[in-house]
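I have placed the structure first, in the form of structure tokens, so that the comments after it can refer back to it.
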């Protein structure tokens, strides 16, 4: 399904809707719903900052692996603005977690947990994630893009490999807790498929 919204092409894949439906229909605890709300907040924060900086995306794709925002090059674009856009999503999740912790009570614990997880996950300095994108933008302020890309690639490797090893140990010890291991496999796959895919 594809439509245009304010000059931006929005495409929603069948698999995205299928995965979302399966998660929500089997969500007896409310964790999946809280995760979906945290993800929506995260992406809306990116879009809000893009709008404020006059740097709206040309395309938004909803896929089974998440939401992919394609940001165009603009005349007023700077690496500093790119970093702000990248950090907007994690910042929104952190703010929501703090506010929920202060005001939410026990009934909002899943929303609190989902926002904390989204913040911690996306702030990691790994190339495909917001933290990696922001790190690349900050490095480009002082270094050439090629050099910045190489530095981020090395940092991504040294962060992801220990994390993957730790997740594998958790899987071996528990025998069933494979969540972190799957996340690491996903990050490795995205790192390879989207290598050098910066804003």
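The values are calculated or read from the model by the stated rules, or taken from the named source; none is laboratory data. Note that the structure is a prediction, hence the values are computed from the model and not measured. Cβ sites come from the backbone with ideal geometry, for glycine too, and all protein chains shown count toward neighbours.
Scanning for something at pLDDT below 80, assigned by TED's automatic domain parsing to the domain that holds residue 114 and assigned to a loop (DSSP other than H, G, I, E, B), does region 9-20 turn up at least one residue? Working first, answer last.
First, the residues of region 9-20 that are at pLDDT below 80: 9-20.
Right, trim to assigned by TED's automatic domain parsing to the domain that holds residue 114 and you get 9-20.
Filter again for assigned to a loop (DSSP other than H, G, I, E, B), leaving 13.
For region 9-20, residues at pLDDT below 80, assigned by TED's automatic domain parsing to the domain that holds residue 114 and assigned to a loop (DSSP other than H, G, I, E, B): present.
So, in region 78-99, of the ones that are crowded, with 16+ Cβ neighbours inside 10 Å and over 17 Å from residue 48 (Cβ atoms), which residue ends up modelled with the lowest pLDDT? Steps first, please.
Kept after step one, since they are crowded, with 16+ Cβ neighbours inside 10 Å, are these residues of region 78-99: 79, 81-94, 96-97.
Going one step further and asking which of them are over 17 Å from residue 48 (Cβ atoms), we end up with 79, 97.
Numbers: 79: 87, 97: 93.
Going through the qualifying residues, I end up with 79.
Filter region 100-116 down to residues that are out of contact with any helix residue (DSSP H, G or I) (no Cβ under 6 Å at 6 or more places or on another chain) and modelled with pLDDT of 75 or more and give me whichever is nearest to residue 130 (Cα to Cα).
Among those that are out of contact with any helix residue (DSSP H, G or I) (no Cβ under 6 Å at 6 or more places or on another chain) and modelled with pLDDT of 75 or more, it is 113.
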